[in-house]
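All remarks here apply to the structure that follows.
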Amino acid sequence: MSDFSRGFRAGIPIGIGYLSVSFTFGIMAVSYGFSWRQAVVISMLTLTSAGQLAGITVMVHPGQYIDMLLSQLTINIRYSFMSVSLSQKVSASFSGAKRWLLGFFMTDEIFAVASAEKTVQPNFFVGLAVAPYFGWALGTLGGSVLGNVLPDVLMNSLCLAIYGMFLAIVAPKARTSRAVLFVTLVAVFLHVLFFYLPILNKVSSGITISICAIASALIGAWLFPN
């Protein structure tokens, strides 16, 4: 079996998962006033679930460029670390523009599967990225188109799915790690303060996300250094 075929088969489960989650993003984008074309372009050019969700939240309030910069930097900086880590395992032929593709297609799930390889070949990585990439784009298309057809009750219910995905990522680790559980609870507590307190609730969503994420991470690193 070729490296591309092996990578493609490994990426199919990821693509199926992305199809359902990005469907929710498409619905949310349309509910925020974006067209289906805009939603699909966002998914095809960024490929970052949490970053896209935070991004469209900021984009509905034009001019908040600093908020956009800070929120996207905070949310997506992990992909830089993943790319640097995976670059230590790539083959010698993985050079030039191929490394750009590695950075562009990097997601949590793609990183996890690619990291299991002893040596990551370019054809394997491209094959691995195909199903997740098109699954994410097609799911966004389906959600943004059907978002104008489905009843409001169903749309509101489906919009909760993307938050369920985040819980599914955090909950298993939080059950076995006190540090993860503590950092998660601190982040939730801080966000509640920014949502309800009279002065803090005036802070924009992009700045709020950045403050809560960075503050909770720093507190966790201080209390759980190991």
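The values are calculated or read from the model by the stated rules, or taken from the named source; none is laboratory data. For clarity, every value in this text was computed on a predicted model and none was experimentally measured. Cβ: placed from backbone, ideal geometry, glycine included. Neighbour counts: every protein chain shown. Just so you know, the surface numbers come from the protein's heavy atoms only, side chains and all, with ligands and any DNA or RNA stripped out. Shrake-Rupley method; radii C 1.70, N 1.55, O 1.52, S 1.80 Å.
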Only one of (1) under 20 Å from the mean Cα position of the chain (by Cα); (2) modelled with pLDDT under 90; (3) of a type in the set (Val, Ile, Thr) fails for residue 130. Which number is that? (2)
Quick one: in region 12-39, of everything that is open to solvent by 50 Å² or more (accessible area, probe 1.4 Å) and at pLDDT 90 or above, which residue is nearest to residue 145 (Cα to Cα)? 36
Hey, among the residues in region 90-104 that are open to solvent by 40 Å² or more (accessible area, probe 1.4 Å) and of a type outside the set (D, E, K, R), which one's nearest to the chain's Cα centre (by Cα)? 104
State the number of residues belonging to region 196-226 that are in contact (Cβ under 8 Å) with a residue 12 or more places away in the chain, within 20 Å of residue 57 (Cβ to Cβ) and in a helix (DSSP H, G or I). 12
